[in-house]
1. Would you tally the residues in region 213-228 being in contact (Cβ under 8 Å) with a residue 12 or more places away in the chain and within 10 Å of the ligand (Cβ to nearest atom)?
2. In this structure, does GLU194 turn out to be more than 10 Å from the ligand (Cβ to nearest atom), of a type outside the set (A, V, I, L, M) and out of contact with any Phe, Trp or Tyr (no Cβ under 9 Å at 6 or more places or on another chain)?
3. Checking PRO155 against (1) surrounded by fewer than 24 Cβ atoms within 10 Å (Cβ to Cβ); (2) closer than 19 Å to SER196 by Cβ; (3) within 13 Å of the ligand (Cβ to nearest atom), which test does it fail?
4. If you scan region 429-471, which residues turn out to be farther than 20 Å from THR232 by Cβ and either within 13 Å of the ligand (Cβ to nearest atom) or surrounded by 20 or more Cβ atoms within 10 Å (Cβ to Cβ) (or both)?
5. Kindly provide the set of residues from region 241-259 that are open to solvent by 60 Å² or more (accessible area, probe 1.4 Å), in contact (Cβ under 8 Å) with a residue 12 or more places away in the chain and not charged (D, E, K, R), ordered by number.
6. What helices (runs of 4 or more DSSP H), lying completely within region 8-115, carry at least 1 residues that are of a type outside the set (S, T, N, Q), more than 22 Å from the chain's Cα centre (by Cα) and over 22 Å from ARG180 (Cβ atoms)?
7. Select, from ARG353, ARG360, the only residue that is basic (Lys, Arg), free of Cβ contacts under 8 Å to residues at least 24 places away in the same chain and within 13 Å of PRO390 (Cβ to Cβ).
8. Which residue out of ALA91, ALA60 is open to solvent by less than 60 Å² (accessible area, probe 1.4 Å) and out of contact with any helix residue (DSSP H, G or I) (no Cβ under 9 Å at 6 or more places or on another chain)?
Amino acid sequence: MHLFNTGLFREQAYVNGEWISAAGGESIEVTNPADGQVIGQVPMLGEPETRDAIDAAARAFVSWRALLPHERGVLLETWYRLLLSHREDLARIMTLEQGKPLADSRNEIDYASGFIKWFAEEGRRMNGETIASHLPDRRLFVYREPIGVTACITPWNFPSAMMTRKASAALAAGCTMVARPAIETPFSALALAELSNRAGIPPGVFSVVTGSGRKIGAELCTNPQVRALSFTGSTEVGRVLLRQSADSVKKMSMELGGHAPFIGYPDVGVERLVEGAITAKFQTCGQDCLAANRIYIHRDIYDDFLEKFSRKTGSMKIGNGLTEDVDLGPLMNEEAVHKAEQHIEDALSKGARLMTGGNRSKKGGLFFEPTVLADIGPDMAIYREETFGPVAGVTPFDDNDDIAAMANDSEYGLASYIYSDNLSRVHRLSSALEYGMVAVNCVKMTGPPAPFGGVKQSGLGREGSTHGLDEYSELKYVCIQV
Ligand code: NAP
C-alpha cells in the first residue's frame with residue numbers, strides 16, 4: 001500500500017487510548033473489493049473488549065464533560081486539521097477497502113472532516129434557556145447537558161463520513177463514544193482513531209472496536225452505561241437494535257434505509273434531467289441511502305430521456321477506484337451483485353425493458369454494468385426495495401397521475417428529488433412528499449449545516465446541523481425559589 005504516512009494504517013482496535021488485539025488473538029481479514037486481495041486484518045473483538053471500552057468511556061466522561069466547550073472545540077479543530085493534512089492517505093485507505101473511485105473518496109474526506117469542524121464550533125453554542133415563570137417567586141432555567149457514554153455502529157458505504165457525523169457531534173456535546181465500524185471497512189475508522197490520538201483527544205473519549213457486529217452490537221445495546229446509540233445502516237438491522245435496547249431505555253438515533261423517488265418534469269429540459277439522474281443513481285455505485293431508486297419521468301419526454309440517459313449510463317467507465325478516471329468501482333460483496341441481478345431478472349420477467357447493461361461486467365469479480373430498466377411498475381421488486389447497486393428503474397407518469405402519492409407509496413422516507421422550474425408545483429410537491437429531505441433541481445444536498453435524516457421506516461433523529469447535538473444532549477430543568 002502506498003501511503004505518505006504508513007502510521008495511519010492500523011491493524012489493531014483502539015480502546016482507551018491503546019491499540020489492542022483480541023484476547024485469543026482472533027482476527028479477520030479485510031479484502032479489497034476491486035480485486036479480492038487481502039489488505040490487512042483487524043481484531044475480532046466481542047462482548048468483553050466492548051465492555052472494557054464502555055467502562056473506559058464512562059471513566060473518561062467525567063473529565064471530558066468538565067472541559068469548557070471551547071477546550072473541546074480546540075481539540076476537535078486539531079483533529080479536523082489532521083484529517084485535511086492526511087486527506088490523500090485517508091482517501092487511498094478508503095478506496096482500498098470500499099472500492100469507490102479515488103475522487104469520491106477525496107470528496108468523502110472533505111465531507112467527513114467538515115462535520116468535525118462544524119461541531120467544534122457548534123459545541124460552543126449548546127445553550128439552554130430561561131423561561132418566563134408561571135409561579136410568582138420562581139426562576140426557571142433549562143440547561144443542555146451531555147447525555148453520557150454513547151455508541152455508534154456505522155456502515156461500509158461511507159466509512160469516514162458516517163463516523164465523523166456521529167463522533168464529532170457526541171464529543172462536542174461533552175459525551176464519550178465507543179464506535180463500531182462495519183467489518184468490511186474498518187481501516188478508515190482506525191485511521192480516524194489514530195488521528196484523534198495525535199490531536200490530543202484523551203484516552204477513552206473515542207474508542208473504535210472491530211469485530212462481530214452481532215456481539216459488539218448486543219453489548220452496546222444492552223449495557224446500561226451506554227445512554228445513546230446512533231446507527232446508520234439498514235432498516236432491518238435498525239429494528240433489531242431498537243428491540244435489543246428496549247430494556248436499557250436509551251436515546252436511539254437511526255439513519256436507516258432509503259428508496260428515493262426522482263421526479264422529472266419536461267420544463268427543465270432532458271439534459272438537466274439526465275445529468276441529475278446519473279448523479280442521483282450511480283454515486284458510490286448506487287450503494288447510497290440517497291440513491292434514486294425510482295426515477296419518474298413525465299411521459300412527454302419519457303422516450304427522449306430514456307434514450308439519452310441509457311446512452312450516458314452505458315458510457316460510464318467501470319474499474320479499480322485507484323485508477324483516476326473511473327466512474328464506477330466494484331460492488332461491496334457478492335450479495336450486492338446477486339441483489340442487482342435479482343432485481344433485473346424480476347423486472348424483466350414482469351415486462352420491463354432493458355435499455356443498457358444488465359450483467360456482471362467483463363472485468364469480473366464484483367464489477368457490475370451500470371443498468372437502465374424502462375417501464376418499471378409497482379409489482380416489481382426494484383419498485384419496492386432498495387437495490388443498493390447500479391441499476392436504474394424508470395417509470396413514466398402523466399399530468400393526471402397523483403405523482404406525490406406514487407412517490408409516497410413506500411415504507412421509506414429519507415431523500416427525494418424534484419426537477420422542475422415551476423415554482424408553485426415545486427412548493428406543492430415538496431410539502432406533499434413524505435420524506436425527510438427534498439432536493440429541488442440538484443442532487444448534492446447534504447453537508448454539515450443541513451439536518452440529515454428520514455421519516456417513516458427511514459429512521460429517527462437528525463444528524464449534522466444545529467440539531468445534531470440534540471441526539472447527544474438532554475435538557476435539565478432547574479426551578480429556583482427566590
Ligand atoms: P447493515 O447490514 O444494516 O449493516 C450496518 C452495520 O450494522 C454494519 O456495521 C453491520 O455489521 C452492523 N450489524 C449488522 N447486523 C447487526 C446486528 N444484529 N447487531 C449489531 N450490528 C449489526 O447495512 P449495510 O448493508 O452495511 O449498509 C447499507 C444500508 O445502510 C442501506 O440500507 C442504506 O440505505 C443504509 N444507509 C443509511 C444511511 C442513512 O444515513 N440513512 C446512510 C448510509 C447507509 P457487520 O459488518 O458485522 O455486518
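1. If we filter region 213-228 for residues that are in contact (Cβ under 8 Å) with a residue 12 or more places away in the chain, which is where we start, we get 213, 215-228.
Next cut, within 10 Å of the ligand (Cβ to nearest atom) only: 213, 215-221.
Residues meeting the conditions: 8.
2. Details: more than 10 Å from the ligand (Cβ to nearest atom): yes; of a type outside the set (A, V, I, L, M): yes; out of contact with any Phe, Trp or Tyr (no Cβ under 9 Å at 6 or more places or on another chain): no.
No; evaluated as a whole, the condition is false for this residue.
3. (2)
4. LEU429, LEU433 - these are the residues of region 429-471 that are farther than 20 Å from THR232 by Cβ and either within 13 Å of the ligand (Cβ to nearest atom) or surrounded by 20 or more Cβ atoms within 10 Å (Cβ to Cβ) (or both).
5. Residues satisfying the conditions are LEU242, GLN244.
6. Values: elements: 47-66, 69-85, 87-98.
The helices (runs of 4 or more DSSP H) meeting that bar are 47-66, 69-85.
7. Values: ARG353 fails: within 13 Å of PRO390 (Cβ to Cβ).
Exactly one of ARG353, ARG360 is basic (Lys, Arg), free of Cβ contacts under 8 Å to residues at least 24 places away in the same chain and within 13 Å of PRO390 (Cβ to Cβ), namely ARG360.
8. Numbers: ALA91 fails: out of contact with any helix residue (DSSP H, G or I) (no Cβ under 9 Å at 6 or more places or on another chain).
Answer to the check: ALA60.
The values are calculated or read from the model by the stated rules, or taken from the named source; none is laboratory data. What you are looking at is a predicted structure, and each value in this text was computed from that prediction instead of being measured. Because the Cβ atoms are built from the backbone with ideal geometry, glycine has one as well, and the counts that use them run over all protein chains shown. Each accessible area value is taken on the protein alone, full model and side chains, heavy atoms only, with ligands, DNA and RNA left out. Shrake-Rupley method; radii C 1.70, N 1.55, O 1.52, S 1.80 Å.
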